[in-house]
Amino acid sequence: MRTRLAIRIHAFLEHYFPERRVFLKSDTDTRFVRLRSGTQLIAVTGMVAFVAWAIVATAIVLMDSIGSGNFREQAKRDQLTYRARLNDISNERDTRAEEALAAQQRFNAALAQISMMQSELLTSETRRQELETGIEVIQTTLRQTMTQRDGTRAELEELRQNTKADWDTPMAAAAAPLQMDFLSTALSETATERDQIETDAQEALEQRAEMELELELLNERNDQIFRQLEEAVAVSVAPLDKMFRNAGMPPDRILEQVRRGYSGQGGPLSPLALSTRGEEPSADELRANQILNQLDQLNLYRMAAQQAPFATPVNLNLVRQSSGYGYRRDPKTGGRRLHKGSDFAGSTGTDIFATADGIVTHAGWQSGYGKLVTIQHAFGIETKYAHNSNLRVKVGQRVSRGDHIADMGTTGRSTGTHLHYEVRVNGKPVNPMIYIKAARNVF
């Protein structure tokens, strides 16, 4: 069986690849090389494999070249899109900054108007009390005058009766001329006094009417001032309340915490004094005290805003946000890890500012963070500023919002000059942009 198969294979090879001889001739000798059928088959197979490999390799190279060209074009398009997006974000940031500046100016103007209106309100309240006192004095004088007038009329009537009785007696005839003169004089003086009393009473009534009109106008002006104050306070409080809610900070709890830590009172925000004689306070007094309470709430909001990280750690006109908060791929391990803050890329030495009032709890080197500044704020909030080239604060130092605390660098685990900014609430990291975006339309 094997012999037959071998014979058939040999015959097939002899048919397609007959044995050949290659003669090599020199000047002195002639030699030949025998090419068997198997040798020819191996050579042909090798050539076919080489040609196939060359074709496949060439196709792969061409496909890679075409694909890389497409990738480069796509990368260029992505780069142009990214640059356009950065420009749009930069324009939007500038617009927001201008809106925030305008809002801050409106806020300051509203506060100035509130202070001026409050002074006018206190002046009007004092004037109203003076007018009420004047009206009471005029009413008392008028009552006394009318009482005196009635007494004078009674005395005049009594005098007439007495004179008539005396006139009827026989002995009064001799004294009639003297009594007539006396009676005429008394009647004349009484009539003059009566006319004067009536004139004084009429003048008092006219003065009272004028004062009542002035008091009515004053009440209307006070009502207008109250309305303007209420509108100004509402316009000032609403953005602050929205800012705290957007940042996930319940305003009621925050204000209560600030109120417990600040017990100072006095100055223009003192409530109006109410009567201690058991009298019910007037509507204006209640309204004024309500406005003063709202102003006190506004003051607490401003104090709380100073203690929470609503400001930006860098000048946004000089940097760009290169990375945000969230999970991303770790180039070393290949897994996903949480990026606990926001990165702002800029040039070396760019100023870094505290985003809220607080106390520095760390200022030095820390593994991974490089030169790090950590600030403890109110409400359990902590901020971290990493990869700095230079530190400008010390541990235990108290800083205010906007203080220059460090310079941007690339120390620690960093691939370029940037600031790594973190916000932690009760030890847990949160997205810093929540606070920054919440304050865009306020500061």
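The values are calculated or read from the model by the stated rules, or taken from the named source; none is laboratory data. What you see is a predicted model, and the numbers here were worked out from it, not measured in a lab. So basically every Cβ, Gly included, is an ideal-geometry build from the backbone, and we count neighbours across all protein chains shown. Accessible surface is based on the protein model in full, side chains and every heavy atom, while ligands, DNA and RNA are left aside. Shrake-Rupley method; radii C 1.70, N 1.55, O 1.52, S 1.80 Å.
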Checklist entry - Can you list the aspartates and glutamates whose alpha carbon is less than 14 Å from that of residue 384, not counting same-chain residues fewer than 8 positions off? => result 343, 357, 407, 422
Checklist entry - What net charge is computed for the residues neighbouring residue 346, neighbours being all others with C-beta under 11 Å from the C-beta of residue 346, Lys and Arg scored +1, Asp and Glu -1? => result -2
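When only Cα pairs under 8 Å and 6 or more residues apart are kept, what is the percent relative contact order across the range 329-390? Present the calculation step by step, with values, prior to reporting the outcome.
Working: 68 pairs, mean separation 13.6, N = 62.
Relative contact order of the range 329-390: 22 percent.
Using a 1.4 Å probe over the heavy atoms of the protein chains, calculate the carbon and sulfur portion of the accessible area of the range 24-95 as a whole percent. The partial results should precede the final answer.
Values: 3980 of 6130 Å².
About 65 percent, which is the carbon plus sulfur part of the accessible surface.
With all protein chains present and a 1.4 Å probe, how do 343, 64, 296 order by accessible area, largest first? All intermediate terms of the calculation are to be shown ahead of the outcome.
Working: 343 10, 64 100, 296 55 Å².
The most accessible residue leads, giving 64, 296, 343.
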Item to check | Cα-Cα over 31 Å, subset of 371/428; 371/437; 394/437; 340/394; 76/428 | outcome: 76/428
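At a 1.4 Å probe radius, which order do 410, 415, 123 fall into by accessible area, largest first?
Values: 410 65, 415 150, 123 95 Å².
So, going from the largest accessible area down, we get 415, 123, 410.
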Next on the checklist: Using a probe radius of 1.4 Å on heavy atoms only, what accessible surface per residue do you get for the range 8-136? Whole Å² is fine.
Outcome noted: 78
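Taking square-rooted eigenvalues a ≥ b ≥ c of the alpha carbon gyration tensor, is the range 1-90 rounded, prolate or oblate, where a/c under 1.5 means rounded and, failing that, a/b exceeding b/c means prolate? Show your work: numbers first, answer last.
Working: a/c = 9.66, a/b = 2.98, b/c = 3.24.
It is oblate, given that a/c is not under 1.5 and a/b is not larger than b/c.
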Checklist outcome for this item: As straight-line cross-link partners of residue 242, the qualifying aspartates and glutamates (C-alpha separation under 15 Å, not fewer than 8 residues apart within one chain) are 252
Checklist entry - What residues have an amide H closer than 5 Å to that of residue 390, excluding those fewer than 5 places away on the same chain, when H is modeled at 1.01 Å from N in the peptide plane? => result 407
Item to check | Rounded to whole Hz, the Karplus (6.51, -1.76, 1.60) HN-Hα couplings of the range 248-255, x for glycine and proline | outcome: x, 10, x, x, 4, 5, 5, 5
Next on the checklist: If you roll a 1.4 angstrom probe over the protein chains with everything in place, what fraction of the accessible area of the range 339-413 belongs to carbon and sulfur, to the nearest %?
Outcome noted: 47
